[in-house]
Amino acid sequence: MTAPSDTFKTRKARLRSAFLAQLPQRISEARLRLAALPDTPVEPEALTGLALVFHTIKGSSASFGLAAISDLARQAEDTVRHALTAAEPMSTQVRATLERTLDQLAVLQARPAEETNAADRFGFEPLPAAAEPAVVHTGHAAQRRAKRIYLCDDDGDLGQQLCTQLACFGYQVTALSSLAELRAAVAAEAPAAVIMDVMFPEGEHAGPAALTDLHETLGYVVPSLFISSRDDFQARLQAVKAGGSAYCTKPVKTTEMVEFLDALTNRESPTPFHVLVVDDEPNIARLHALVLEEAGMTTTIATDPAAVIDLLKGFNADLVLMDMYMPQCSGPELARVLRQMPGHVSLPIIYVSSETDRERQFRALEVGADGFLTKPVEPARLVNEVSLRAERMRTLHALMVRDGLTGLFNHNTIMQFLEIGVANARRDGRPLCFAMIDVDRFKRVNDAYGHPAGDQVLMALSRGLRLRLRECDVVGRYGGEEFAVVLPGVEVEDGKVILDQLRTSFAEVLFYAGDATFRCTFSAGIAAFPQIASADALIEAADVALYSAKGNGRNRVETASANDRSRSQDPIAAEHANGQ
């Protein structure tokens, strides 16, 4: 197995040393609590506090591989919990047993080197391959798709047509009309993906054969998409045997091809999971955070449960990893607090505790937690458990905030982003543009070609918007065939240029409905902050500008003025309703 990074080893060893340095204080605290216990029946709170000290020593030492210390602390905790259950005065014999245990802990704490090997074995095993940190892109999305793609088809006109269509979605594709041209192009520059026909003058399966040769030349498999007028099993089988990743039949639907290319060429790392680690033992909190960070996650730590709510306001957590036993506020109590807050009802919670009693674990889970991990937790299991539940959280959240057809943000979410964008622009003294986009004569598309064709148009426009705009821009489906775009940091003149480029590209996209082909256009209205000072006013002004674009002939972008009012207040706007 590959050894984990020295940095990880060094940081974990430092945390272990810090825990051992603080252990005498923990032992002293236990002595003081034990000495303060009366000979009469003991108040439950006093025994609970003593049990918690031993519990913390048990779990922390186990996490750092100090098995002997953990076993002694476990025995002492069990003894105290038995006394708590009996509700009787603590006998002299029990006190003496606990005193001996504390003496033994002090001895082991003073010479932990004997457990070094055991400590090294736990937590220093190779972790799952760490995800690459998410790259923050600030440029135009078309630049992110500027990867070399070769399209090889002996029908030169079709090749050029497809290249033009794919360019509308931000892809730069080089058309090649023969297998010889493909070989020469590959020799000059290796491609990020290949699109090619199945049949060539060299043979009915010459395309797959050429792709196989290409893979042998490069020494690796290139993402590839076959296009062909053939839809029989043998053609598809040969494409698969050659390593083809996708297959489109002619006439090729551009939107379908774009979906495949998105999947084949988009190798950007996903946004790291955000995990809030809650544990009153700082070294254990840092240890768990260290393990998760090694796996590519982003973490923040809370050692005081009272700080969790404020931390969550500024940290978009995908999951909370929390200790079960903490002073003043236990894990289950903190979970109940979070579950009473609407924004955190579905936030995944995983307990990490040395508690092994199944009944206590079950009671802790009853308050709405999603999992229970027992200390010491193997790093691989910690990473897997957190990843699975955080991914589920993101999936559920996406279903709530995104439109099912286009994958864009839904109406409510895009409006929230506009409010946030205006607030940020006002605070930073920066401009912002808000645009409303509407597909021209969309009702006629549905009537003439059917709703599936209309859906194809909406998906093409949504994908084009996502690919051609910046990472910081926010795109949503406002409703029906209307879309909304928030462009932070953009002056109105620049915003109009951006939308005009999008409009021109979209007008070139060819759509298919059975044997028929057609094109669509869109109109847009754009309004700017700070010329228009509020989110509501921006919406109204952009809406009026959109109406003006429709009235002035469609397939154009109009800019709003601060005096524009919503077309909903204009009786003559009714004739332009419903996508006309």
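To keep it simple, each residue is scored yes or no on (1) in a helix (DSSP H, G or I); (2) modelled with pLDDT under 70; (3) not hydrophobic (A, V, I, L, M, F, W, C).
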| residue | (1), (2), (3) |
| --- | --- |
| Asn117 | yes, yes, yes |
| Pro126 | no, yes, yes |
| Val135 | no, yes, no |
| Thr138 | no, yes, yes |
| Tyr150 | no, no, yes |
| Asp157 | yes, no, yes |
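Taking region 508-565 on its own, how many of its residues are closer than 30 Å to Thr249 by Cα and assigned to a strand (DSSP E or B)?
7
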Item checked: Selection within region 420-458 - in contact with a Leu (Cβ under 9 Å, 6 or more places away or on another chain) and of a type in the set (S, T, N, Q) -> Asn424
Check: So, in region 277-318, of the ones that are part of a loop (DSSP other than H, G, I, E, B) and of a type in the set (Asp, Glu), which residue ends up farthest from Arg26 (Cα to Cα)?
Finding: Asp318
Margin query: Quick check on region 528-580: of everything there that is at pLDDT below 80 and surrounded by 21 or more Cβ atoms within 10 Å (Cβ to Cβ), which residue is farthest from Asp494 (Cα to Cα)?
Written below: Arg567
Margin query: Suppose we keep only residues that are buried (at least 17 other Cβ atoms within 10 Å of the Cβ) and within 34 Å of the chain's Cα centre (by Cα) within region 193-217. Which one would you say is nearest to Thr265 (Cα to Cα)?
Written below: Ala193
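Hey, could you check region 398-423 for residues that are without any contact (Cβ under 8 Å) to a residue 24 or more places away in the chain and in a helix (DSSP H, G or I) and say which is nearest to the chain's Cα centre (by Cα)? Give the derivation first.
As a first pass, look at region 398-423 and keep what is without any contact (Cβ under 8 Å) to a residue 24 or more places away in the chain: 398-402, 404, 412, 416, 420, 423.
The next check asks that each one be in a helix (DSSP H, G or I); those that pass are 398-401, 412, 416, 420, 423.
Values: Ala398: 10, Leu399: 13, Met400: 14, Val401: 14, Asn412: 20, Gln416: 19, Ile420: 20, Ala423: 24 Å.
The qualifying residue nearest to the chain's Cα centre (by Cα) is Ala398.
Quick grid of which residues meet (1) within 23 Å of Pro327 (Cα to Cα); (2) of a type in the set (Val, Ile, Thr):
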{"position": "Pro272", "(1), (2)": "no, no"}
{"position": "Val277", "(1), (2)": "yes, yes"}
{"position": "Asn283", "(1), (2)": "yes, no"}
{"position": "Leu292", "(1), (2)": "no, no"}
{"position": "Ala295", "(1), (2)": "no, no"}
{"position": "Asp304", "(1), (2)": "yes, no"}
{"position": "Leu311", "(1), (2)": "yes, no"}
Margin query: I'd like to know if region 250-262 contains one or more residues that are over 29 Å from Gly407 (Cα atoms), surrounded by 18 or more Cβ atoms within 10 Å (Cβ to Cβ) and touching a residue at least 24 places away in the same chain (Cβ under 8 Å).
Written below: no
Notebook entry, point to check: In region 378-396, how many are surrounded by fewer than 20 Cβ atoms within 10 Å (Cβ to Cβ) and polar (S, T, N, Q)?
Noted result: 2
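When region 344-381 is examined, which residues are found to be over 25 Å from Gly314 (Cα atoms) and of a type in the set (Asp, Glu)?
Of the residues in region 344-381, the ones over 25 Å from Gly314 (Cα atoms) are 353-366, 372-381.
Listed by number, the residues that qualify are Glu355, Asp357, Glu359, Glu366, Glu378.
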Notebook entry, point to check: Would you say Asn384 is farther than 22 Å from Leu312 by Cα, polar (S, T, N, Q) and at pLDDT 85 or above?
Noted result: yes
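Here's the yes/no breakdown for (1) small (Gly, Ala, Ser); (2) in the same structural domain as Val474 (by TED's automatic domain parsing); (3) touching an Asp or Glu at 6+ places or on another chain (Cβ under 6 Å):
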residue	(1), (2), (3)
Pro376	no, no, no
Arg389	no, no, yes
Met393	no, no, yes
Leu396	no, no, no
Glu419	no, yes, no
Asn424	no, yes, no
Next item on the list: Considering only residues that are assigned to a loop (DSSP other than H, G, I, E, B), modelled with pLDDT under 80 and over 21 Å from the mean Cα position of the chain (by Cα), look in region 328-368 and name the one that is surrounded by the most Cβ atoms within 10 Å (Cβ to Cβ).
Entry: Ser354
Check: If you take the residues in region 266-302 that are surrounded by 17 or more Cβ atoms within 10 Å (Cβ to Cβ) and of a type in the set (S, T, N, Q), which one is nearest to the chain's Cα centre (by Cα)?
Finding: Thr298
Next item on the list: Scan region 449-486 for residues that are farther than 18 Å from His411 by Cα, in contact (Cβ under 8 Å) with a residue 40 or more places away in the chain and assigned to a helix (DSSP H, G or I) and jot them down.
Entry: Tyr449, Pro452, Ala453, Gln456, Val457, Ala460, Gly464, Leu467, Arg468
Note to self: Which of the numbered conditions does Ala46 fail, given that it passes all the others? Conditions: (1) assigned to a loop (DSSP other than H, G, I, E, B); (2) surrounded by fewer than 20 Cβ atoms within 10 Å (Cβ to Cβ).
What the structure shows: (1)
Notebook entry, point to check: Restricting the first residue to region 306-333 and requiring it to be not assigned by TED's automatic domain parsing to the domain that holds Leu52, which pairs with a second residue that is exposed (fewer than 15 other Cβ atoms within 10 Å of the Cβ) and part of a loop (DSSP other than H, G, I, E, B) meet a Cβ separation below 9 Å and a spacing of at least six or different chains?
Noted result: Ala306/Gln328; Ile309/Met341; Leu312/Met341; Met326/Asp304; Gln328/Asp304; Cys329/Asp304; Pro332/Glu366
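The values are calculated or read from the model by the stated rules, or taken from the named source; none is laboratory data. The structure presented is a predicted model; accordingly, all values stated were derived computationally and were not measured. Positions of Cβ are backbone-derived with ideal geometry, glycine not excepted, and every protein chain shown enters the neighbour counts.
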